[in-house]
Amino acid sequence: QVQLVESGGGLVQTGGSLRLSCAASGRIFSWYTIGWFRQAPGKEREFVAAITWSVSSTYYADSVKGRFTISRDSAESTVYLQMNSLKPEDTAVYYCAATPKRSTVVTGDYEAWGQGTQVTVSS
């Protein structure tokens with residue numbers, strides 16, 4: 001199993017940047033993909049970005065392409081989500097999650113979830 005802890009959320013102005021971190025511990029090598037999801041009040045949880053742990057292949061939702069970048073650190077223990085050019089519609093609780101499947105964007109495929117970190121973008 002893998003344990004995930006998000007950090008780095010906060011309040012930022014429109015056009016600003018934040019970097020979210022997802023610290024992973026446990027049997028990370030048994031989880032093929034780490035994804036970032038977000039959920040705004042009253043809305044369904046939606047896919048943001050994902051990275052395969054072993055080969056660092058990435059995938060992004062169309063809404064964040066060119067603005068967000070997912071990466072992993074050199075120790076392969078932390079996944080980052082660099083968020084630039086933030087918009088009010090990016091406001092949500094952001095979660096990282098893990099799945100043994102490859103590069104899936106389907107929420108239900110993810111089996112291990114962090115507790116989430118709040119991102120608020122003000123105008």
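Just so it is clear, none of the values below were taken in a lab; they were calculated from the coordinates. Remember, it's a predicted structure, so these values are computed and weren't measured experimentally. FYI the Cβ positions are ideal-geometry reconstructions off the backbone, even for glycines, and counts take in every protein chain you see.
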### Gln39 versus Ser103: modelled label distance in nm, points set 7 Å from Cα along the beta carbon direction
2.7 nm
### Query
Which whole-angstrom value gives the distance between the alpha carbon centres of the range 86-105 and the range 1-42?
7 Å
## Note on the structure
Checking the range 28-123 for GluC sites (Glu not before Pro) in a loop per DSSP with at most 15 other beta-carbon atoms within 10 Å yields Glu44, Glu76, Glu111
## Note on the structure
Mean separation of Cα contacts under 8 Å (at least 6 apart) over the residue count of the chain, i.e. the relative contact order in percent, is 36 percent
### Task
Under a 10 Å cutoff between Cα atoms, tell me which one of Val12, Val48, Val106 has the largest fluctuation in the Gaussian network model of the chain.
Val106
